[in-house]
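What follows is a single structure, written as structure tokens, with notes after it.
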Amino acid sequence: MKENTDTDTQSSGSEVAERIRRSATSDRPYQFLLRGTALFFGAVIVVFVWSVVHTAWPAISTFGFGLVTGSSWVAGTGPYGALPLLTDTVLTTLIALVFAVPIGLASALALLFLIPQKIRSTASSLIELLAAVPSVVYGLWGLWYLVPWFTKTLQPFLAGVTGGRWPFNGPQEGFSVLLAGLVLSIMILPTIVAISRDVISVVPRDLIEGGLSLGATRGQVFLRVVLPSARTGILGAIALGAGRALGETIAVAMVIGSNPQIPHSLFTSGATLASTIATQFGEASGSTGSALAALALMLMVITASVNAGARVLTKRARMPR
Amino acid sequence: MKKTLRGKLFVAVATMGLLSTLAVTTAGAAPSLNGDLTFAASDSANAINPAMGGSSFDEPFFNAAIPEFMSDAAKVSGSANAPQGMSLYSPTGSSAGKKGVVAGTYAVGASDVPMGTVVNGTSLDASILTNTNAATTLNSYVQVPVVLGGVGLMYNLPSLKKKFGKDTVILNSAALAAIYDGSITKWNNSAICKLNPKIVTVKKNKKGKVISSKCALPNIPVVPVYRADGSGTTFIFMDYLNQTQGANFKTSSGAEVYPNTTFNQGEVPSNALGAQKNAGVAGDIEQTVGAVGYVEYSYILLQHTLPAALIVNAAHQAQVLNQTSVAADAAAFASKPPSESGAGVVSNYSIVNGTNKGDYPIAGYSWAIVRQDWNNLGTVGGATANLNSEKLVAKFLDWAVQNGATGGQNVAKEQGYVPLPSYVQAVAEQQVGLMTFNSQSLGLS
């Protein structure tokens, strides 16, 4: 995100940069310090990625693509097939986004335009408070309150709706990809609300008033004027939320059931990349440790590509039509 | 450096009345320890804080024993000399305990399986014991059995509690194997019903004659809960299933669950749930009606309200899990106490499926693993490795295995473990007695 802004401001910033470069010699130590810091963190990232790859290498060279395509994950002895973990990671994140994006956008719009000024700040700080809750607390809440509610109420109800058919078939144990996705959606909600509120708040008043004066309803203005002009920032919000959902460990580990399998319904228990690393690293040695590092690598690739994808989309969205 | 566990075993055997001349010769050399808690000012014990961690099976024991050790030592030696502020034990898991002691981050690493145990020709610890230096060589360590505990099958069937409160569900190894490989999916499966003749709804006619009796186990799914992390408790449970249900734990369905290369979760049925540590398994069972899972006895006795199933033992009795029945199981193996081969591999550690009457068949010892000689080690468990720090750890372990009035085994008993049988206690004392500093005896008593 940050680098993106840098490149965008390069043209206007180049003069400033030139002036800084030509500045008095007394600034030299300061410049060295800044350059040094930048280089240092660049080096840290390189070393970090290298060490993960290095640790994962034995597993990669032994199992090759089987690491990604294998459907059986057996800690200790192998085989180490991460396909179930990958599908569960993507599925829980998608479930989280399905709930969190519409609710988050609606809350952001409500906070800006519908809720009376008096309670607006209280409401938004309450939502932001959700972001400050440690993830283990969400995990405990999921384990103690949502698991019994799922088994007693929600799962029988959903199974009744589809007559026990897909996607609500299978064991009704509470622990499931659906529950993990639901907990994740609550965890990423504040991120989506806070960022999309900020980007919507800078949509020019003229546009909104123009839309209203042309006779559009409030709903039409939201959908046709506000959301399209804020789409760049909203995509960024979704990407950040997805990133958090993909990488969440402990809350997911507590409610997903830690049973690595390719889900055949939303009620299936599972295990994500991050939750498997969190559950098994303490005991891992030898081949398991290496396979877990390979999982970490996959997780890094996925989150990096979500980020990169979001950047491409935001860049495209920002181009004038 | 050469350990002489075998020699001391002879001592143990000698005390049991089976005399041999060799035993008599070794008996003079081996120290007889009694958990002495005397610390002098020169021991600087109060300034040492060695870290310990590992098996979560042992957590209730160590975390009750460490404060007790400090307070008992303070009574004997005065609080100025006695150890103070020792950290509590970290229940990071058996493999983490072994890794920690090899890496030197734990002074004592605890494991439910002795380090270097070979299963089906493969050492469980081949990846950490690489024999490249002293730290990665099994012979550099002493392994002290510290607690004896049972593994309970905790289950959550609230509907039975009302009607059959006093009748606990009975399971046997075949039913457990079938539950854990997914071939039994409902509680009222005929195999489980057959084992539970008391849990029935009986219909009588007017004359009081029984006209029908129907299995009253609920028609709800069985949810097996297992340890998703590597676990010594899993090892003990799997050891039991391996020994009773065949080396590969193969069942009639042909499904191979938890292959005999233990310490992993194997291929588990899709309805199973995984959880972390003993506490996590117990927590998952509490949240899930129909769940059953294996946890250390103290987690059932002290921390949870759910019952443990009776297990049918080798003498065909449905046996309840308690301290007496676990002691009976250990006693069945009195004739072959844990012993050690030349390379430091401990054999006869397994005590599952004993043949005694009153025997609860799923039990095991847990082992404290510690470097035999701390000279030139730098730091061990965060403490400077010197004579004083090694002595503190040795004294702690010595005290921990004692049965006497103030010994650590009393703490174990309060926490739901079984005091070590005398012949195993002898092994433990002998192992602690092998600890040296710069090849000099620590002078324990």
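Each reported figure results from applying straightforward, stated rules to the coordinates on display, with no laboratory input. Only a predicted model underlies this, so the values are computations on that prediction, with no experimental measurement involved. In this analysis, Cβ positions are derived from the backbone assuming ideal geometry, glycine residues included, and neighbour counts consider all displayed protein chains.
Here are some notes:
- If only the Cβ of Lys and Arg carry +1 and only the Cβ of Asp and Glu carry -1, the dipole of the protein assembly as shown around its Cα centre is close to 2260 debye.
- Peptide ranges B:310-319, A:52-61 listed from the most packed, as the mean C-beta count within 10 angstrom indicates: B:310-319, A:52-61
- Net length available on complete extension from B:K206 to B:K166 is 11.7 nm, with 0.36 nm assigned per residue and the Cα-Cα distance removed.
- Distant-in-sequence amide contacts of B:A385, defined by a placed amide H-H separation under 5 Å and a gap of 5 or more residues or a different chain, comprise B:G378, B:T379, B:V380.
- The mean number of Cβ atoms from other chains found within 10 Å of a Cβ in peptide A:287-293 is 1, as a whole number.
- Shape category assigned to chain A from the gyration tensor of Cα positions, a/c cut at 1.5: oblate
- Listed values for the stretch A:168-179 are Karplus-derived 3J(HN,Hα) couplings in whole Hz (6.51 cos²θ - 1.76 cosθ + 1.60, θ = phi - 60°), namely 10, 9, x, x, 9, 9, x, 4, 6, 5, 4, 5, and x replaces Gly and Pro.
- Cubic angstrom per residue, convex hull over Cα atoms of the stretch B:152-328: 125
- FRET E, pair B:S341, A:H264, Förster distance 45 Å, beta-carbon r, rounded to 0.05: 0.40
- Cα-based helix-to-principal-axis angle, B:5-15 vs chain B, degrees rounded to 10: 70
- Straightening the chain between B:L302 and B:I220 buys 26.7 nm, computed as 0.36 nm per residue apart minus the Cα-Cα spacing.
- For the segment B:286-294, counting C-beta atoms of other chains within 10 Å of every residue's C-beta and taking the mean gives 4.
- Once the chain from A:R311 to A:I103 is taken as fully extended at 0.36 nm per residue, the excess over their C-alpha distance is 72.6 nm.
- Computed about the Cα centre, the dipole magnitude for the stretch B:152-328 is approximately 1480 debye when only Lys and Arg (+1) and Asp and Glu (-1) carry charge, each at its Cβ.
- Size descriptors for the stretch B:367-445, from the alpha-carbon set: Rg then Dmax equal 13.4, 39 Å.
- By the compact-protein rule of thumb, 2.2 N^0.38 Å, the alpha-carbon radius of gyration of the protein assembly as shown corresponds to a ratio of 1.12.
- Cα→Cβ-extended label distance, 7 Å offset, between B:T130 and A:V133, nm: 4.5
- Helix content alone sets the calculated 222 nm mean residue ellipticity of the protein assembly as shown: runs of n ≥ 4 DSSP H residues at -39500 (n - 2.57) each, divided across all residues, give -14500 deg cm²/dmol.
- Computed on the stretch A:139-256, with alpha-carbon pairs under 8 angstrom and 6+ residues apart, the relative contact order is 42 percent.
- Cross-link check: pairs A:K152/B:K186; B:K277/B:K395; B:K336/B:K357; B:K166/B:K413; B:K99/B:K336 evaluated at a Cα-Cα cut-off of 22 Å; pairs beyond the cut-off: B:K277/B:K395; B:K166/B:K413; B:K99/B:K336.
- Proximity of backbone amide H atoms, modeled 1.01 Å from N, is registered between B:G54 and B:S90, B:T92, B:G93, B:A110 at under 5 Å, excluding neighbours fewer than 5 places apart on the same chain.
- The mean number of partner chain beta-carbon atoms within 10 angstrom of a residue's beta-carbon across peptide A:259-267 is 3.
- Long-range amide H partners of B:V146 with built H, under 5 Å: B:S366, B:W367, B:A368
- Protection proxy ranking of B:232-245, B:405-418 - average other beta-carbon atoms within 10 Å, highest first: B:232-245, B:405-418
- In the protein assembly as shown, the DSSP beta bridges split such that about 75 percent are antiparallel, to the nearest 5.
- Under the Debye formula (equal points on every Cα, no solvent term), log10 I(q)/I(0) of the stretch A:213-263 at q = 0.13, 0.17, 0.24, 0.29 Å⁻¹: -0.57, -0.69, -0.91, -1.05
- Charge-dipole axis of the protein assembly as shown as Lys and Arg at +1 and Asp and Glu at -1 on Cβ define it, positive-most pick from B:I184, B:M86, A:T249: B:I184
- Over the stretch A:83-281, relative contact order from alpha-carbon pairs under 8 Å, at least 6 apart, %: 38
- Computed from backbone phi, the HN-Hα couplings of the stretch B:215-226 come to 3, 9, 5, x, 8, 10, x, 7, 10, x, 10, 10 Hz, rounded to whole numbers (Karplus: 6.51 cos²θ - 1.76 cosθ + 1.60, θ = phi - 60°; Gly and Pro given as x).
- Ordering of B:66-78, B:273-285, A:301-313 by packing [mean C-beta count within 10 Å, highest first]: B:273-285, B:66-78, A:301-313
- For the stretch B:34-60 versus the stretch A:268-316, the gap between their alpha-carbon centres in whole angstrom: 40
- In sequence order, calculated HN-Hα J values of the stretch A:230-242 (Karplus, 6.51, -1.76, 1.60; Hz; x Gly/Pro): 9, 4, 4, x, 5, 4, x, 4, 5, 5, 5, x, 4
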